[in-house]
Structures are given as C-alpha cells and as structure tokens.
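Chemist: Structure below; questions to follow.
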Amino acid sequence: MNHSPVEGFSKLSKQSKIDWLIKEYLNEDRSYEQVLQQYWNSDETLQKLHEEFSENTISNFYMPYGIAPNFLIDGKLLALPMAVEESSVVAAASKAAKFWIDKGGFKTTIINTKKLGHTHFILNVEPHKVLHFFNFKLKKKLFEATEEITKNMRNRGGGILNIRLIDKTADLENYFQLKASFDTVDSMGANFINSCLEQFGKTLKEEVQNEDAFSQEEKDSLQIVMNILSNFTPDCIVRAEVSCKIEDLNDDSGISNEEFATKFKRAVTIAEIEPYRATTHNKGIMNGVDAVVIATGNDFRATEACAHAYAAKDGKYSSLTHCTIDNGIFRFWIDLPISVGVVGGLTNLHPLVKFSLALLGKPSAQELMSILAVSGLAQNFGALRSLTTTGIQKGHMKMHLFNILNQLEATEEEKNYFVNYFKDKTVSHHEVISEFNLLRKK
C-alpha cells in the first residue's frame, strides 16, 4: 500500500483530521488547509450545526443557490429556490416558467401519497399455510404491536394504511415479504416507516414461535433478513401539466406553431421508445427536480432512484414526460413518483432550507410534491424547446462561457468583452481560448 491505514479517524478533532490528510495524502502542502478553512462559516455555532449533519466533516462544500421566478402553479405565483451547479438549469426553468405564465401556468394533481416498506423473511413453510397464518392471526398482531409507534402519526392523519403478505417463493426459495403501505403526512417518514418495520420483524418472530400449526422445524427455519423502507414509491405520485391551443404557442424560434408542436411531440415520443434518449431526457427532468429537492433539504438520491425505477416499470426504460397534440390542443405532462417531507431532518435545522420553505409559502408535503413535478416539467420543456429549435449548445455554451473565463482567471473587463463578443455568435471552447489569447497579446 502507498499509504498507511488510520485507526480512530472519527475520534480525531477536525484539525487533527486535516493534519493527517495533509501529511498522508497531500505532501505536507499546507495551502490546502487554507482552502478548507475559507469555506468554514464565521459563526461557530452555525459551523458546528453543519458539521453535525454528517460524519468526519472538515469543511463545507458550496453549491450555487439560485432563484427561478414566475412559476404560476395552480393559480399561485412562486419563485423556486434551486441549488445546482450545472450551467443553464435555472435559466431554462425560468424561461419555461415565463413561457407558460400567460397560458394558464402549470396545473398539478396529487394522484396518491402511499409510501412502502417491507419485512423480508425466509420461512420453510407451505405458502398456503403462511397465508392462513397471516390472514387469521399475524396481520392483526402487527397493527397492535405498532400502535404506540404510530400513535402520533395517526393523530396527524397518517399511519399504516395496509399490510399484505407477498409470496416470492417463485423467485427465491422460501422467500416472503410483509409489504406495508404508509401515509406519513408532511414528513418524509423514513425513520417512522423503518421503526414500524423493525417491530414487524420482532412480532413476526414471536408469532411464528407461538403458531401451533407450524412444526418446530418450520419455526426454526424463520430468518428475518431485513426490515427496510423502499425508495420506489409508485403509489406516491403527482401529475404536473401544461396545455394550450397550438395557435397560442407563439414560439419565438422562427418556426410555425404547428411545426414546433409536431417536432416537440416527436422528441417526446423518441424518448418514450428509445432508452438511450430517455436516459438523457429524464436526466434533464431531474436537473430541475433535484435542484429544488436539495434546496428544500430533501433526499435527492431517493428521488433519483425512484424516478428512474418508475421510468422502467413497464420493462423498458422510457420517458417520464408525455405529449399530445389532439384537436388543436398542445398538452405536455409528467407523472412523477416522489416522496418528500417538510418537517423533520434538515427542514427544521438548515437555515437555507428554512428560507427555501418560507419562500415557497411553507408548503405541505403534497404542495412540495407539486412544485417539484412542475420544476422537472419546466426543465424538460426548456430543454426540448431548445433541442427542437435552436439546438441545445447555443444557450448551454453561453451559460458555460463564465466557467471557461473563470478557469482562465479573466478580469471583469475581459468578461464584459466576451459577453459582447459572443452576443451574435455561438460560444465554443476553442473560440473562447483563441480570442482570449489574442486579447491578452494586445
């Protein structure tokens, strides 16, 4: 090995962690210490709060926090907070919001809010005997055993909605599931769901041992493999849509409304049938979704996993958005499965998350679901509009221009020069470098 393993790293102080890293991995270059320190918050209490969000923290990692205004959602005008580093995401969302603001805006519908979790177990008992045991004894016991855990959630209108026994023995020998659905109201509910499921495992173990219909050998075969929520929530879903008469599209790209609508629909259809395109298509949707998910302190990894699993639910990976142009009406929509919360976790702790939720009018979890679906739909609309008209690179590279200039350590005067230089030209990395070198030689 080229480095030495470390013992008890988590127990070291922050400074000791940094000292060890600089010595072991950074050739004693203390300039890296300054890089880490310049991202520390000057408010020690706030810095400590950030450090306790995770483990082994030595600094904070900044992302741009931007605002996409002019979103008319279900009759309410909102400005969306977006934490994202990719050029053009906020601009594309904002442009799409402005495009639809005078055409009725975005409409949303909460289709369902069920969340799921499973107790996965092995039991060498005939499936019909397990089903009988579940229906006539276990199911009732599971509800009773979790009454204390679910009490507060039930008081808020949520709780365990249903519990089913799933026979998976055709896929894996002696494999069964207790599949439970939950309503966690305004919380994401991960801890609540997992606590219920862990109790399911304990109760299952007790009741199997007490079941007279099972032999001792059958009882001894029980193995609780795991109790865990699922981030695939196909029944926690929201629809967001836009629509207008084709004659009212009024796109400014220089093509007719009819051609724009036709090309746009074909682009969506290609994403519906071609997985290679669908992957990039849906990635663009999640640009918009994740940016607001992060800004509101929710789990973007869970939303990503769920969305992509849902995109493949019919056996082939496909588009999350859909489009029709029937009877002179252009309609574009998304059905997005997404589980988020507005209480608990970072939502009660992170100052910028609190700001984001306040900016959005302190939405309920369902209202936040709607906002997220709209953000994804708007981002997708903006991307497809560019792809089918001017091309994606023109707008994308203009946003990328400042990244290139910052890498070149351009002055403000030089940046202004390049903004004017590319006013009527397409930005390319090669052109920026060439013109920059010429400018510096003058």
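The values are calculated or read from the model by the stated rules, or taken from the named source; none is laboratory data. Note that this is a predicted model, so its numbers are computed, not measured. In this analysis, Cβ positions are derived from the backbone assuming ideal geometry, glycine residues included, and neighbour counts consider all displayed protein chains. The accessibility values were calculated without ligands, DNA or RNA, using every heavy atom of the protein model including side chains. Shrake-Rupley method; radii C 1.70, N 1.55, O 1.52, S 1.80 Å.
Chemist: Being more than 24 Å from Gly297 (Cα to Cα) and β-branched (Val, Ile, Thr) is the filter here; which residues of segment 5-61 pass it?
Modeler: Val6, Ile18, Ile22, Val35
Chemist: Considering only residues that are closer than 19 Å to Tyr39 by Cβ and among the β-branched types (Val, Ile, Thr), look in segment 3-23 and name the one that is surrounded by the fewest Cβ atoms within 10 Å (Cβ to Cβ).
Modeler: Ile22
Chemist: Among Glu304, Glu258, which is assigned to a helix (DSSP H, G or I), touching a strand residue (DSSP E or B) at 6+ places or on another chain (Cβ under 9 Å) and either under 22 Å from Ala96 (Cα atoms) or in the same structural domain as Phe355 (by the TED database) (or both)? Give the steps one after another, and end with the answer.
Modeler: Details: Glu304 fails: touching a strand residue (DSSP E or B) at 6+ places or on another chain (Cβ under 9 Å).
Just one listed residue meets the conditions, Glu258.
Chemist: Another question about this same structure. Would you mention how many residues in segment 192-247 are in a helix (DSSP H, G or I) and open to solvent by 70 Å² or more (accessible area, probe 1.4 Å)?
Modeler: At the first step, the residues of segment 192-247 found to be in a helix (DSSP H, G or I) are 192-210, 216-220, 246-247.
This time we only want the ones that are open to solvent by 70 Å² or more (accessible area, probe 1.4 Å), so: 198, 202, 205-206, 209-210, 216-217, 220, 247.
Matching residues across segment 192-247 total 10.
Chemist: Regarding segment 20-39, can at least one residue be identified that is basic (Lys, Arg) and under 21 Å from Ile294 (Cα atoms)?
Modeler: The initial filter retains those residues of segment 20-39 that are basic (Lys, Arg), namely 23, 30.
So of that shortlist, the ones also under 21 Å from Ile294 (Cα atoms) come out as none.
No, because not a single residue in segment 20-39 is basic (Lys, Arg) and under 21 Å from Ile294 (Cα atoms).
Chemist: Do any helices (runs of 4 or more DSSP H) lying entirely in segment 330-442 carry at least 1 residues that are touching a strand residue (DSSP E or B) at 6+ places or on another chain (Cβ under 8 Å) and at pLDDT 95 or above, and which ones are they?
Modeler: Details: elements: 351-359, 365-387, 392-407, 412-421, 429-441.
Where helices (runs of 4 or more DSSP H) fall fully within segment 330-442 and carry at least 1 residues being touching a strand residue (DSSP E or B) at 6+ places or on another chain (Cβ under 8 Å) and at pLDDT 95 or above, they are 351-359, 365-387.
Chemist: Something else now. Tell me, which residue of segment 49-70 that is part of a strand (DSSP E or B) and within 19 Å of the chain's Cα centre (by Cα) is farthest from Ser16 (Cα to Cα)?
Modeler: Taking segment 49-70 first, the residues part of a strand (DSSP E or B) are 65-70.
Adding the requirement that they be within 19 Å of the chain's Cα centre (by Cα) leaves 65-68.
Working: Tyr65: 31, Gly66: 35, Ile67: 38, Ala68: 41 Å.
The residue in question is Ala68.
Chemist: Which numbered condition in (1) surrounded by 22 or more Cβ atoms within 10 Å (Cβ to Cβ); (2) farther than 30 Å from Tyr62 by Cβ is the only one that His281 fails?
Modeler: Among (1) surrounded by 22 or more Cβ atoms within 10 Å (Cβ to Cβ); (2) farther than 30 Å from Tyr62 by Cβ, His281 violates only (2).
Chemist: OK, next. Pick from Leu336, Leu387, Leu360, Leu377: which is under 30 Å from Asn250 (Cα atoms) and open to solvent by 40 Å² or more (accessible area, probe 1.4 Å)? Write out each step before concluding.
Modeler: Values: Leu336 fails: open to solvent by 40 Å² or more (accessible area, probe 1.4 Å); Leu360 fails: open to solvent by 40 Å² or more (accessible area, probe 1.4 Å); Leu377 fails: open to solvent by 40 Å² or more (accessible area, probe 1.4 Å).
On inspection, the qualifying residue turns out to be Leu387.
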